[in-house]
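> Provided herewith is a single structure, encoded as structure tokens, for subsequent inquiry.
Derivation of every value follows stated rules applied to the coordinates shown; laboratory data play no part. None of the values given here were measured: they were computed from a predicted structure. Cβ placement follows ideal geometry from the backbone for every residue including glycine, while neighbour counts extend to all protein chains displayed.
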Amino acid sequence: MIPALPAQPLHILGVSLIGATPENAVKLGLTLAWVIAVSLVSGGLRWGALKVAPKGLGFWVRQAISIIGALVLVGGVLSIWFNDPRQLATALGLATAGIAFALQRVITAVAGYIVILRGSTFNVGDRIVMGNVRGDVVALNFMQTTILEMGETQSEQGDKPSMWVRSRQYTGRVVTVTNAKIFDEPVYNYSKVLPYFWEEMQLPVPYDSDHARAEQILVQAAAKHTQDVQELSEEDRKALEARYELPTLDAKPKVYYRLTDNWIELTVRFFTADHGTRDRKDAMSREILAEMNRAGLQVASGTYAIVQVPKLQVTMQPAP
């Protein structure tokens, strides 16, 4: 209970300060002390959770601490300033109307935060695409999601923003995306249910080449460099099939043919982890190139060679 103090307004140089009373000064001091105390306790608990709790569990512990801290903070401030429940109801009604009008995007962002947590849309450390930004989630708060950006292939890149990394590797930029984006655009999660996905590599070979041998080289390279993923993912794939009633998911590498006007396009489809894909494809490319050279096979291309140049004759006429 705050002790009853005189309600007369303060006077400075003969001017009455409306609302500036000793009682309100005490309430203001208590409010500041309460905010500082709750912030320190909440920050200390989040720091402790970051250091002690496991990575996955620590994220949810920190989010729970943030939510509980916010509720305790608001509840304490309201209890300091409003002793009469009728005054509180009136003040809340006016405040709610003003906040809803002035802070529409902020409210939407907070609602997005609740949806993200309630629906387990993503977690810190997940690789996602949100608001046209692809990367790993490094932080999440009431308003924004912070993403460590990855590059994009040339076909995926747009005019804005400029992108100079053409593979799924970090660009070094940290991007903040409002949580409200989950209501406007789909969120793609690479690792929520299964930390693996299917990847493809294309290889054009001439029609008159030994395409069966080229297919064998592709399958062997893919199997060799994804063997660890196939073994580790077996249990995860079975859980995914049972959870979503999917047909049997075959993780073994397989080559598909496509006939074009110029060559046979061989596409090897293989299972890989959500991280380190570029390293795997680089190792596969080096091995495929070496094996094709040993087998005397060539990669088809659209290069043209000029085999004969017509003779040119220049005739000089005397000036008139």
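> Going down the list 51/192; 224/281; 254/281; 224/254; 252/281, which pairs span over 19 Å between their C-alpha atoms?
Numbers: 51/192 24 Å; 224/281 12 Å; 254/281 15 Å; 224/254 13 Å; 252/281 16 Å.
From the list (51/192; 224/281; 254/281; 224/254; 252/281), the Cα-Cα distance tops 19 Å for 51/192.
> Once R0 is set to 30 Å, what does the formula 1/(1 + (r/R0)^6) return for the Cβ-Cβ distance between residue 277 and residue 299, expressed as a FRET efficiency to the nearest 0.05?
Approximately 0.90, to the nearest 0.05.
> Tell me, 68, 80, 116 in order of fewest to most beta-carbon neighbours within 10 Å? List each step's numbers first, then the result.
Details: 68 13, 80 17, 116 20.
Fewest-to-most Cβ neighbours within 10 Å comes out as 68, 80, 116.
> Test of understanding: what is the full-extension gain from residue 317 to residue 32, defined as 0.36 nm times their sequence separation minus their Cα-Cα distance? If you can, show how the numbers build up before the last one.
Working: separation 285, 0.36 × 285 = 102.60 nm, distance 9.85 nm.
Computed gain between residue 317 and residue 32 is 92.7 nm.
> Same structure, new question: Test of understanding: ordering 207, 196 by Cβ neighbours within 10 Å, fewest first, what list do you get?
Ordered from fewest to most neighbouring Cβ atoms within 10 Å, 207, 196 come out as 207, 196.
> Please arrange 30, 140, 218 by how many other C-beta atoms lie within 10 Å of their C-beta, fewest to most. Before the final figure, lay out each step's value.
Numbers: 30 16, 140 21, 218 27.
Listed from fewest to most nearby Cβ atoms, that is 30, 140, 218.
> Please work out how much length the chain gains when fully extended from residue 71 to residue 114, using 0.36 nm per residue of separation minus the C-alpha to C-alpha distance, in nm with one decimal. Don't jump to the answer; show the numbers that get you there.
Working: separation 43, 0.36 × 43 = 15.48 nm, distance 1.40 nm.
Length gained, residue 71 through residue 114: 14.1 nm.
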